[in-house]
Every structure is written in C-alpha cells, then in structure tokens.
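Below is one structure, written out as structure tokens; the observations come after it.
The values are calculated or read from the model by the stated rules, or taken from the named source; none is laboratory data. The structure displayed is predicted, hence computed values, not measured ones. Because the Cβ atoms are built from the backbone with ideal geometry, glycine has one as well, and the counts that use them run over all protein chains shown.
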Amino acid sequence: MADTQTLPAFPWSAPYTIPREFYRDGFTAFQKKYVLRRSYVMMALFAVLFVSFVISAVNDPSNRLAYFLMVLCLAAIFMLWYNPRKQRRMVLEAVRELEGTEYTACCDGNVLRIRIRQSEEESERIPESRIMLASAYVQAFDRFYLVCDGKKMFYILPKTAPETPAPQLPEEPEPET
C-alpha cells in the first residue's frame, strides 16, 4: 500500500490494554479509509437521481412514480449517512466488553502477531491473530498504530507495546491445523 507506515520489529511485548478512545479514533480512521468514500459517492449518485426526479415531478405533477422515487432516494441517502454512525456506535458498545482485556504482541517485520492474554485455568484457548504486514495498511497516530488487514479487520497497537518487552512469557503451543 502506498501510504502505509512500517511497524518496528520487536519481541513479545509486556501485557497491555487498549483504551476505548484508541478504538474510537482507530475505527473512525478505518471507516474514512474504506467505508465513507464509497458512501459519499453513493449519496452523490442518489442526490443526482433525486434532483432528476424532482425535475420530472415539476414537469408532470401527475407522475406518481417520480414522487415515490424521490422518497426512495431520500431514504437511501439517509441510510448511507446513518449506517456508518450506527456501525461506529455498535463497535464502541462491543469494545466495552473488551475493556481490561490484556494483549501481547510481537512483530518480526513481516508478520504482526497479537495474543489475548489468558489465565491458566481457562480451558478454551483463543488463537493468536497473525497479520501479514506486506498486505496490511498501517497508519501511525500519536499514541497508537492502526493496522488494517484489508477491508475486513482492524487492530489497534499502542505505541508503548513495542517499547516494553515482556519479562519472559511462556510460549503457547502452536494451534493444530
């Protein structure tokens, strides 16, 4: 990707948490990069259609289809405006459940690996996330990195994580494939 940053290579980090405002700012940037541009283009298209239907309705006031299509265009414009805001609100509500969750991460320059820190008594192991940096979009903010794995997933990595190595984390077994 042309405008992507590079992540520094670092060993496993000390456990860290991600503040809610990092998620808010990161998801807003993710939406600007991948969602909002398309929404704005579609809103402009529906606005042009709306204007053409208004002209059609003015020329022929008995044209009920033009009135129906005007309402349909307005509804589409509203949905294109509202859905990204609804998505942001839903993501931030889901993040509330993750508050206090500890993560560890490491980067070898090619792959960013992120693990959720689990206690020993938890029977179900959550697999680590692996992001291939060659195909990822990385944006640096003042206090964190936004790492986008295509248009489907985004990760927040605080800038303090690479700076704070873990004392000695036990290696988790590789997942069976």
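Miscellaneous remarks
- Looking only at region 115-153, and only at residues there that are more than 23 Å from Val35 (Cβ to Cβ) and β-branched (Val, Ile, Thr), the one that is surrounded by the fewest Cβ atoms within 10 Å (Cβ to Cβ): Ile126
- Residue in region 157-168 that is in contact with a Cys (Cβ under 6 Å, 6 or more places away or on another chain) and either within 26 Å of Lys33 (Cβ to Cβ) or of a type in the set (Asp, Glu) (or both) present: no
- For Ser62, the test of being out of contact with any Cys (no Cβ under 9 Å at 6 or more places or on another chain) and over 30 Å from Arg24 (Cβ atoms) is passed.
- Condition check for Asp108: charged (D, E, K, R) and closer than 22 Å to Lys33 by Cα: no
- Selection of first residues in region 9-28 that are of a type in the set (Lys, Arg) and of second residues that are exposed (fewer than 14 other Cβ atoms within 10 Å of the Cβ), restricted to Cβ pairs under 8 Å at least 6 apart or on distinct chains, gives the following pairs, ordered by first then second residue: Arg20/Arg96; Arg20/Glu99.
- Here Arg115 passes the criteria (1) at pLDDT 90 or above; (2) touching a strand residue (DSSP E or B) at 6+ places or on another chain (Cβ under 6 Å); (3) charged (D, E, K, R) except the one numbered (1).
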